[in-house]
Amino acid sequence: MSKTKWPGSVLLAPVPPVLVSCGDTASANILTVGWTGVLNTKPPMTYISLRPSRLSHQIITKSREFTINLSTEALVRAVDFCGVRSGREINKFETMKLKTTPGDTVACPILSDSPLSLECRVKEIIALGTHDLFIAEILAVHVEDRLIDANGKLHLDKAKLLAYVHGEYFGLGEKLGSFGYSVRKKKKQKAPVDKK
């Protein structure tokens, strides 16, 4: 396969375009973040990267809290809007008719239409250049009941989550495998019992 070499760039994709809510009832804001992920299992740690010029950067720096709300195909318009408009100019919750419930671990609101929300507390802020990295502990996870089966297993594949790839939004496609499937031993089929 032939490849063209480019200088170092931020072309890692796909990424999850999440809606990050911050602030308390009086100062709540929401913005779209594409640069987020998991850093650690125990304690559960995540991160978001924000430009210092963003209103949410100021709010989170002061409060040291935020909520990551996973986005869905139904939220795609709000995801795009909240990424290109500033909370300094408008109330994005009202404009996009986004319903919220109060967080119960942090003061930030939880997006009601998100299938899964992570309440986070900032542990460290690292200036990287154009963006600052907010490293945070995940204190609580709120999951939409319909995604949990009778055995308590999460079925996040039913949430119709979004992916962001170099300026474009996509719904997730068909399932191609599950963790460890490439090395999982096949179950032996039992020989039929002869009932003669």
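Are any residues in region 132-191 part of a helix (DSSP H, G or I) and acidic (Asp, Glu), and if so, which ones? Walk me through how you get there before you give the answer.
Just the residues of region 132-191 that are part of a helix (DSSP H, G or I), to begin with: 145-147, 156-159.
Across region 132-191, the qualifying residues are Asp145, Asp157.
Could you tell me whether Cys82 is at negative phi and either at pLDDT below 95 or in a helix (DSSP H, G or I) (or both)? Please lay out each step first, then the result.
Details: at negative phi: yes; either at pLDDT below 95 or in a helix (DSSP H, G or I) (or both): yes.
So Cys82 fits the description; yes.
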| request: Output the number of the condition that Glu119 fails; it satisfies all remaining conditions of (1) in contact with a His (Cβ under 9 Å, 6 or more places away or on another chain); (2) in a loop (DSSP other than H, G, I, E, B); (3) crowded, with 17+ Cβ neighbours inside 10 Å. | output: (2)
| remark: Checked pairs for region 167-180, first touching a residue at least 40 places away in the same chain (Cβ under 8 Å) and among the hydrophobic types (A, V, I, L, M, F, W, C), second assigned to a strand (DSSP E or B) and surrounded by 10 or more Cβ atoms within 10 Å (Cβ to Cβ), C-beta under 9 Å and 6 or more apart or across chains, list as Phe170/Leu162; Phe170/Ala163; Phe170/Tyr164
| remark: Ala74 meets each of (1) part of a loop (DSSP other than H, G, I, E, B); (2) hydrophobic (A, V, I, L, M, F, W, C); (3) surrounded by fewer than 19 Cβ atoms within 10 Å (Cβ to Cβ) with one exception, condition (1)
| request: Check region 98-116 and report whether any residue there is in contact with a strand residue (DSSP E or B) (Cβ under 6 Å, 6 or more places away or on another chain), closer than 22 Å to Asn40 by Cβ and in a strand (DSSP E or B). | output: yes
| Which listed residue is surrounded by fewer than 19 Cβ atoms within 10 Å (Cβ to Cβ) and touching a residue at least 60 places away in the same chain (Cβ under 8 Å), from Asp132, Asp149, Asp104 | Asp132
| query | Which one is nearest to Glu65 (Cα to Cα), of the residues in region 107-129 that are of a type outside the set (A, V, I, L, M, F, W, C) and touching a residue at least 24 places away in the same chain (Cβ under 8 Å)? | reply | Arg121
| said: Among the residues of region 13-66, what is the count of those that are touching a residue at least 24 places away in the same chain (Cβ under 8 Å), farther than 20 Å from Ala159 by Cα and not in a loop (DSSP other than H, G, I, E, B)? | reply: 20
| message | Tell me yes or no: at least one residue of region 150-165 is closer than 26 Å to Pro43 by Cα, out of contact with any helix residue (DSSP H, G or I) (no Cβ under 6 Å at 6 or more places or on another chain) and among the basic types (Lys, Arg). | response | yes
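Please find, within region 166-194, the residue that is nearest to Val33 (Cα to Cα) out of those that are aliphatic (A, V, I, L, M) and modelled with pLDDT of 85 or more. Walk me through it before giving the result.
Here is the first cut: in region 166-194, the ones aliphatic (A, V, I, L, M) are 172, 176, 183, 191, 193.
The next check asks that each one be modelled with pLDDT of 85 or more; those that pass are 172, 176, 183.
Values: Leu172: 18, Leu176: 27, Val183: 34 Å.
Result: Leu172.
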| Checking Val141 against (1) within 30 Å of Arg64 (Cα to Cα); (2) at pLDDT below 95; (3) aliphatic (A, V, I, L, M), which single condition isn't satisfied? | (2)
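The values are calculated or read from the model by the stated rules, or taken from the named source; none is laboratory data. Every value quoted in this text rests on a predicted model; they were computed, and no experiment measured them. Please note: Cβ atoms are built from the backbone with ideal geometry, for glycine as well, and neighbour counts cover all protein chains shown.
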